[in-house]
Amino acid sequence: MDQIAAYIAQFPKDVQEKLKKIRKIILDTAPDAEEIFSYGMPGYKLHKKPLVYFAAFKQHIGFYATPSGHEAFAQALSRYKQGKGSVQFPLNEPMPYDLIADIVAFRAQENTAKAKKAIKK
């Protein structure tokens with residue numbers, strides 16, 4: 001079992017299902033992303049730069065898409081508790097999977113654009 005699967009397996013079944021779906025969304029949306037386990041949680045890098053991270057807690061799933069990922073979706077995320085570059089999706093509410101996919105797609109495009117710009121220099 002890989003480290004991320006082991007991390008997911010430690011949570012109750014209903015939380016595991018949400019975490020597995022978030023993992024699948026990230027991998028489907030950014031298939032070239034590298035899975036890592038960092039800061040005690042599943043994370044993803046694209047072009048050697050952080051893409052997104054996620055983690056489960058007692059009452060919510062934390063989703064970390066860097067400040068730029070959160071700024072770009074400020075309106076859609078405004079109903080959730082947030083920190084700089086983080087958002088909390090309550091476990092007792094429907095998980096906003098489409099929003100998560102949109103944020104991952106935005107971050108993937110952002111990382112790819114930065115990587116292309118670096119190559120041109």
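Each reported figure results from applying straightforward, stated rules to the coordinates on display, with no laboratory input. In this text, all values refer to a predicted model and were calculated from it rather than measured experimentally. Note: ideal-geometry Cβ built from the backbone for every residue, glycine included; neighbour counts use all protein chains shown.
Can you tell me the equivalent ellipsoid semi-axes for the chain? Use √(5λ) from the Cα gyration tensor, largest first, whole Å.
Numbers: eigenvalues 112, 62, 25 Å².
Semi-axes, largest first: 24, 18, 11 Å.
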**Asked** How big is the C-alpha Rg of region 62-121 next to the rule-of-thumb value 2.2 N^0.38 Å, as a ratio?
**Response** 1.26
**Between helix 97-120 and the chain: long-axis angle, C-alpha atoms, 0 to 90°, nearest 10** = 30 degrees
**Asked** What residues have an amide H closer than 5 Å to that of residue 60, excluding those fewer than 5 places away on the same chain, when H is modeled at 1.01 Å from N in the peptide plane?
**Response** 91
**Request:** Report the longest stretch of the chain that contains none of the chymotrypsin sites (Phe, Trp or Tyr not before Pro) sitting in a DSSP loop with at most 12 other Cβ atoms within 10 Å.
**Result:** 58-121
**Item:** Length added when fully stretched, residue 58-residue 6, from 0.36 nm per residue minus Cα-Cα
**Value:** 17.0 nm
**Request:** Obtain the nm distance between the two label points defined at residue 34 and residue 79 by a simple spin-label model: each point lies 7 Å from its Cα along the Cα-to-C-beta direction.
**Result:** 3.7 nm
**Fill in**
Note: probe point = Cα of residue 92 + 7 Å toward Cβ; backbone nitrogen < 19 Å; residues of region 41-65 passing the test are 56-62
**Message:** What do you get for the angle between helix 13-29 and the principal long axis of the chain? Use alpha-carbon atoms, 0 to 90 degrees, nearest ten.
**Reply:** 10 degrees
**Asked** About the Cα centre of the chain, what is the dipole size in debye to 20, counting +1 per Lys and Arg Cβ and -1 per Asp and Glu Cβ, all else neutral?
**Response** 480 debye
**Message:** Need the C-alpha centroid separation for region 70-121 versus region 15-35, integer Å.
**Reply:** 14 Å
